[in-house]
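The values are calculated or read from the model by the stated rules, or taken from the named source; none is laboratory data. Values in this document were obtained by computation on a predicted structure and should not be read as measured data. Because the Cβ atoms are built from the backbone with ideal geometry, glycine has one as well, and the counts that use them run over all protein chains shown. Ligands, DNA and RNA are stripped out before the accessible areas are found, and what is left, the full protein with its side chains, is counted by its heavy atoms. Shrake-Rupley method; radii C 1.70, N 1.55, O 1.52, S 1.80 Å.
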Amino acid sequence: MEKKGRLVCVVPVYNEADLIVDTVEGLKKVELIDEIVVVNDGSKDNTLDVVKTLNISIIDLDKNYGKGHAMKKAIDTLEYDYITFIDGDLGETSIQVESLILPVINGEADVSIAKFPKRSDMTHTKGGFGGVRALAKKGVYFFTKKEIDTSLSGQRVYKKEVIDKIDYIPDRYGIEVAMTIQTINNGFSIIEIPVTMNHRYSQRNLKGFIHRGKQFRDILKTFITMYFRR
């Protein structure tokens, strides 16, 4: 497929030293990607040292500001016609981003988002109870009147003109829902693409509940902010 324009793949990471090598190596196999950029969001492990060995571009933040902030830094810094966001914990399954890129560069949609299998169809350890996912889906519907199953998915491809119309990017976990809502309300189209990518799921333990609690808080805060911005 001939691609018109420059496509940059951005990987925001925080403490992903164990999986970032496989994630990047998977991305390197996708010929449609012109540049891979890892944004190191103040990792406390040796993620930065590992990334420096991979012969890719790096944006290094001085502390952990949050995923949304890391993505915005890339948006404001890089030159592109298409921008892809991929989480750092996908491992070798990151190669499946090609299935997200194709419908956007083919003009089938302005944005593509990865749709992961239902948890009941997978063999990994159970994660949470669905509260964060339900909040995200209901909130997106409240603002757009559209049913989107992938409002939390971090695996996305955008045309530049979509990004240029997005004027609110929260610093932390509310980033995906905020961008989804603005994409739809600005009149752009979204296609959800089934994938079989692997990534970490927060477990049903104290650490997992704390993580999901932060997600819930940040997403709720994002919805409140967006409500008063209308």
Subject >> Close pairs from the range 88-103: first under 12 Å from residue 25 (Cα atoms), partner aliphatic (A, V, I, L, M) and in a helix (DSSP H, G or I), Cβ under 8 Å, at least 6 apart >> reply: 88/20; 94/24; 94/27; 95/27
**OP:** Only residues that are modelled with pLDDT of 95 or more and open to solvent by 70 Å² or more (accessible area, probe 1.4 Å): list them for the range 94-127, please.
**Re:** 98, 106, 108, 115
**OP:** Among the residues of the range 132-160, count how many are open to solvent by less than 40 Å² (accessible area, probe 1.4 Å) and either touching a residue at least 60 places away in the same chain (Cβ under 8 Å) or under 11 Å from residue 184 (Cβ atoms) (or both).
**Re:** 15
Original post:
Across the range 184-214, what is the number of residues that are modelled with pLDDT of 90 or more, open to solvent by 30 Å² or more (accessible area, probe 1.4 Å) and within 16 Å of the chain's Cα centre (by Cα)?
Top reply: 5
